[in-house]
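The values are calculated or read from the model by the stated rules, or taken from the named source; none is laboratory data. Please read these numbers as outputs of a predicted model, since none were measured by experiment. Here Cβ is always computed from backbone atoms with ideal geometry, including for glycine, and neighbour counts include all displayed protein chains. Surface accessibility is based on the protein's heavy atoms, side chains included, excluding ligands, DNA and RNA. Shrake-Rupley method; radii C 1.70, N 1.55, O 1.52, S 1.80 Å.
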Amino acid sequence: MNIHEYQGKNILKQFGVAVPDGAVVDSPEAALDAAKQIKERTGASSWAVKAQIHAGGRGKGGGVKIAKTLDEVSDFAGKILGMTLVTHQTGPEGKLVNRVLVEQGIYYPGESGIAEYYMSVLLDREKGRNIIVYSTEGGMDIEAVAEKTPHLIFREEIDPAVGLREFQARKIAFNLKLHGKAYKEMTGFVKSLYKAYENSDASLFEINPVFKTSDNLILAADAKVVLDDNGLFRHPAYAEMRDISEENPDEVEAGKYGLNFIKLDGNVGCMVNGAGLAMATMDIIKLSGGDPANFLDVGGTANAATVEAGFRIIMRDPNVKAILINIFGGIVRCDRVARGIVDAYNSIGNIDVPVIVRLQGTNAEEARQLIDESGLEVYSAVTLQESADLVRKAV
């Protein structure tokens, strides 16, 4: 589950990670009040006004502004709120900005002694260990840094049996070329960040930049946080941070029916039961000359209602030129899936794309009989190769 920057920073603060003083608001007037309060608490003479959406690249898209006066705070907030912010991560459709984060200004051009670093904590699935990835090149696109100057990116593996060790935190600060107070602050920052990652059941904490002030304080100037959905039952307060308005509406609706749905950019919709079979089906679609328009796993408890819901979601995509339904009836019964297909056809009506159906396993004969007697215009396949051939003809 993705969360907003301000929510990620609230989690960081709970574990002792230093972040700039700030407040999230939804109007220019509230932004001005927040800036005044920040000034009273910190003496700030500038403020950052930052759009809160689930996407990176906000600054390049005009979603982050530095205000040098209180009037600029309300002016920038008024311009950012309500805008459709387009970044390299939002796609051309962009995202509507409903909130902004107003923070104390920590960057002063020309000030000596400041620096920006990159740091993230995530799971290395290949090795089954958490890793800390960090670099002296903070504030930049880390992918570009990895491509052009890979020697400036460091990795620290964490042994799950013992956790982050003191010497590892010191090593990170050393590789970032810090010394004195900044060195000590960074070691504390690393330990607190890793503690936040572990204790929040996160799958990613990315801080870009980690900011060193002129007086050698270390702050999380930004925060991208992804929480593991499977751990949310342990963190009801985190679960309430979910912002459905930032999510794909089809994926949200699919979740209500217990469907695992991910929107893709292809032209062949697919409905499958089981993640492994879904991946194989997507491969078959690619090999047949098409592109998967979605990943949709109806799971092992599929019934007519969930199948109809999945069918409706697939049909909403104008790019879909054909639909491949590939069900192996182990736990799920093929006749239930067939009933869902028939109900969806009758309910939606006027389905003008080819539908290819492959039903094998439990009650497959009953399923075929249901579809044959329905009079629906569907193409039946027995093997995956037959499915691929029918997809090729369709697209």
Members of region 273-312 found to be closer than 15 Å to ARG339 by Cα and among the aliphatic types (A, V, I, L, M), listed by number: VAL298, ALA302, ALA304, ALA305, VAL307, ALA309
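Conditions (1) modelled with pLDDT of 90 or more; (2) under 30 Å from PHE189 (Cα atoms), marked per residue:
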| position | (1), (2) |
| --- | --- |
| SER74 | yes, no |
| LYS79 | yes, no |
| PRO92 | no, no |
| LEU96 | yes, no |
| ILE106 | no, yes |
| PRO109 | no, yes |
| LEU122 | yes, yes |
| HIS151 | yes, yes |
Got a number for residues in region 127-161 being closer than 18 Å to GLY56 by Cα, assigned to a loop (DSSP other than H, G, I, E, B) and open to solvent by 60 Å² or more (accessible area, probe 1.4 Å)? 2
Which residues, taken from region 162-183, are closer than 22 Å to TYR107 by Cβ and part of a helix (DSSP H, G or I)? ALA173, GLY180, LYS181, ALA182, TYR183
Restricting to region 191-210, count the residues that are within 23 Å of ALA48 (Cα to Cα) and not in a strand (DSSP E or B). 1
Mind checking which residues of region 1-36 are of a type in the set (Phe, Trp, Tyr) and over 22 Å from the mean Cα position of the chain (by Cα)? PHE15
Of residues in region 81-110 being among the polar types (S, T, N, Q) and buried (at least 18 other Cβ atoms within 10 Å of the Cβ), the one farthest from the chain's Cα centre (by Cα): GLN104
Of all residues being assigned to a helix (DSSP H, G or I), open to solvent by 60 Å² or more (accessible area, probe 1.4 Å) and touching a residue at least 12 places away in the same chain (Cβ under 8 Å) in region 231-255, which is farthest from GLY310 (Cα to Cα)? Just the residue, please. ARG234
Go through region 322-340 and report how many residues are crowded, with 20+ Cβ neighbours inside 10 Å, at pLDDT below 80 and hydrophobic (A, V, I, L, M, F, W, C). 2
Of (1) surrounded by fewer than 17 Cβ atoms within 10 Å (Cβ to Cβ); (2) outside any helix (DSSP H, G or I), GLY276 satisfies every one except (2)
Tally, over region 62-80, of residues that are under 29 Å from the mean Cα position of the chain (by Cα) and open to solvent by 30 Å² or more (accessible area, probe 1.4 Å): 6
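Within region 180-200, is there a residue that is free of Cβ contacts under 8 Å to residues at least 24 places away in the same chain, of a type outside the set (Ser, Thr, Tyr) and open to solvent by 20 Å² or more (accessible area, probe 1.4 Å)?
Yes, some residue in region 180-200 is free of Cβ contacts under 8 Å to residues at least 24 places away in the same chain, of a type outside the set (Ser, Thr, Tyr) and open to solvent by 20 Å² or more (accessible area, probe 1.4 Å).
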Can ILE218 be described as in contact with a Lys or Arg (Cβ under 8 Å, 6 or more places away or on another chain), hydrophobic (A, V, I, L, M, F, W, C) and buried (at least 17 other Cβ atoms within 10 Å of the Cβ)? yes
